[in-house]
Amino acid sequence: MSGPNGMLYGGDEIGALVFDPGHHSLRVGYAQEDTPKADIPAVIGVGPATHIPEAEEKVPDGNVTQSNTKKDELRYYIDVTELHVPRPGMEVQTYMKDGQVENWDLFEKMLDYCYSKVIRSPSEHHPALFTEAVWTTRPAREKLAELLFEKYQAPAFFLVKNAVLAAFANGKSTALVVDAGASQTSAVPVIDGYALVSAAVRSPVGGDHLVAQAKHMLNNMHIQMLPIYSIQSKEVIRERERARYTLKTLPAGLTHTWQQYMLKRQYEDFVHCVAHVSETAYDDRSAASVPGLHYEFPGGYHQDFGPERFKLSECLFEQSLGAPHLVCAAAGACDADARAALWGAVVASGGGACATGWLERLAKELAGRAPSAHRLKVTAPPAPAERRFAAWIGGSILASIGSFQQMWISSQEYDEGGKGQLERKCP
């Protein structure tokens, strides 16, 4: 399909962009590539637009130069290099809620950043493909189309359910997609490239829940988690010895939301390094037989973690909220004729699916629950990055297929048919 000036969308000359917004981060990059160009935290720092000189920075004539900023003007800090700097009065806010964009003003700031700093090319040159959660509401979808066409002047736009894309990334058009995300875990049946919204199920147990459990566990063990930005220097100590460190002098007025965000990043790192899913339900004896794993905290304290790391991840497989239960519920809500195909193609995706042992545990639990008449097959890409970015990779594949090019909603169609085009072309 050619654009208003005769250029072909998605061809080799014109780079379609793929955006995959999530609760933990936003993935963005060019179609036809195998990984996103950027993976940006889904939070934005909002603070007063004054320049605070660093301790080492020389201030000319002893006064702070303000670059013609008005008193009430706000500045937005996006991505880790900007976000992780301690700035007085900078609040950290997210634009996501319940799997969809809620704060559109903040989301616009994020898109501005993507086009100016990541893509570094005008938005009117690139068709944009967005992923969306299965339960995204109609007003949210229409708002996104309006934003892309009216503010960013995109030549073409398309919306696809992320479960469908995760199936495509694994080379399947019919699959039961388990997405273990930050804020929730969901199971969505996809049949011939269409997500069955009525049969989709989700639970609030995700990566954030695991981080909260880690925080609770470390508090009970009386291990203090210090944010990395607050440590000036630390001494080398023996294992389980009391930490000896020097704290930095930080600027006054650091907000509670920013400090909590930075601490959460630290707990995420701990979970990433230490948590391990055992192959069967947690059992003290089998967990104790596995060698411990060493972890050093930012303050210098370090120790081995043994059975605790298996106990920590058990919350992901709770009886009625865990992934195996969701898969059974989603398969049960589908037509009996479709179930055999779905059980034969259970696809795991999302950041939670990267946890060590998670996939093996899911396969083992499903083997005990799946109907004996159906053959069970659980698949996921071997590389953690491919699991985490599954929906983005699916979008990258889809937007670069020749036969997809007539599917785009062009700006011309949007001008003629308005938001109704969305329901017609992106079911």
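Might you tell me the accessible area per residue for segment 138-291, computed with a 1.4 Å probe and given in Å²?
For segment 138-291, the solvent-accessible area averages 50 Å² per residue.
Using the basic label-point model (7 angstrom from Cα toward the beta carbon), what is the Glu73 to His374 distance in nanometres?
5.9
State the extension gain, in nm to one decimal, for the chain segment bounded by Thr249 and Thr174, taking 0.36 nm per residue of separation less the distance between their alpha-carbons.
Details: separation 75, 0.36 × 75 = 27.00 nm, distance 5.64 nm.
Value of the extension gain: 21.4 nm.
Quick one: divide the alpha-carbon radius of gyration of the chain by 2.2 N^0.38 Å and tell me what you get.
In units of the 2.2 N^0.38 Å rule of thumb, it is 1.08.
Set the Förster radius R0 to 35 Å, insert the Cβ-Cβ distance between Ile401 and Glu146 as r into 1/(1 + (r/R0)^6), and round the FRET efficiency to 0.05.
Working: r = 27 Å, r/R0 = 0.76.
So, using R0 = 35 Å, E works out to roughly 0.85.
Add +1 for every Lys or Arg and -1 for every Asp or Glu among the other residues with Cβ under 13 Å from the Cβ of Pro139, and state the total.
Around Pro139, the surrounding residues sum to -1.
How much net charge surrounds Ile231 when only the other residues with a Cβ under 13 Å from the Cβ of Ile231 are counted, with Lys and Arg +1 and Asp and Glu -1?
That works out to +1.
Taking segment 318-427, which GluC sites (Glu not before Pro) meet the DSSP loop condition and have no more than 14 other C-beta atoms within 10 Å?
Working: sites: Glu318, Glu360, Glu365, Glu386, Glu413, Glu416, Glu423; in loops: Glu318.
Those that pass, being in a loop and sparsely packed, are Glu318.
Would you work out what percent of the accessible area of the chain, with all protein chains in place, is carbon or sulfur (probe 1.4 Å)?
51
Would you mind telling me which residue in Asn220, Asn162, Asn170 has the biggest mean-square fluctuation in a Gaussian network model of the chain, where springs connect alpha carbons within a distance under 10 angstrom?
Asn220
Restrict the search to segment 366-419; then list the trypsin sites (Lys or Arg not before Pro) that DSSP places in a loop and that have at most 14 other Cβ atoms within 10 Å of their Cβ.
Working: sites: Arg369, Arg375, Lys377, Arg387, Arg388, Lys419; in loops: Arg375, Lys377, Lys419.
Filter output for segment 366-419: Arg375, Lys377.
As an exercise, identify the GluC sites (Glu not before Pro) in segment 101-178 lying in DSSP coil whose Cβ has no more than 15 other Cβ atoms within 10 Å.
In loop regions of segment 101-178 (DSSP not H, G, I, E or B), the sparsely surrounded GluC sites (Glu not before Pro) are Glu102.
Determine the relative contact order of segment 138-213: mean sequence separation of Cα pairs under 8 Å and six or more apart, normalised by residue count, in whole percent. Don't skip to the end; give the middle numbers.
Working: 95 pairs, mean separation 16.1, N = 76.
Reported as a whole number, the value is 21 percent.
Give the ranking of His272, His216 by solvent-accessible surface, highest area first, calculated with a 1.4 Å probe.
Greatest to least solvent exposure: His272, His216.
Just add up the charged neighbours of Val28: K/R +1, D/E -1, any other residue whose Cβ is under 13 Å from the Cβ of Val28.
With Lys, Arg at +1 and Asp, Glu at -1, the neighbours total -1.
Please turn the phi angles of segment 357-362 into ³J(HN,Hα) values with the Karplus equation 6.51 cos²θ - 1.76 cosθ + 1.60 (θ = phi - 60°), one per residue in order, whole Hz, x for glycine and proline.
For segment 357-362, the Karplus curve yields x, 5, 5, 5, 5, 4 Hz.
Label-point separation (nm) for Lys364 and Ala288, each offset 7 Å from Cα along Cα-to-Cβ?
1.9
The values are calculated or read from the model by the stated rules, or taken from the named source; none is laboratory data. All values derive from a computational prediction rather than experimental measurement. No Cβ is skipped: glycine too gets one built from the backbone with ideal geometry, and neighbour counts run over all protein chains shown. Protein only, heavy atoms only, side chains kept; ligands, DNA and RNA dropped before computing areas. Shrake-Rupley method; radii C 1.70, N 1.55, O 1.52, S 1.80 Å.
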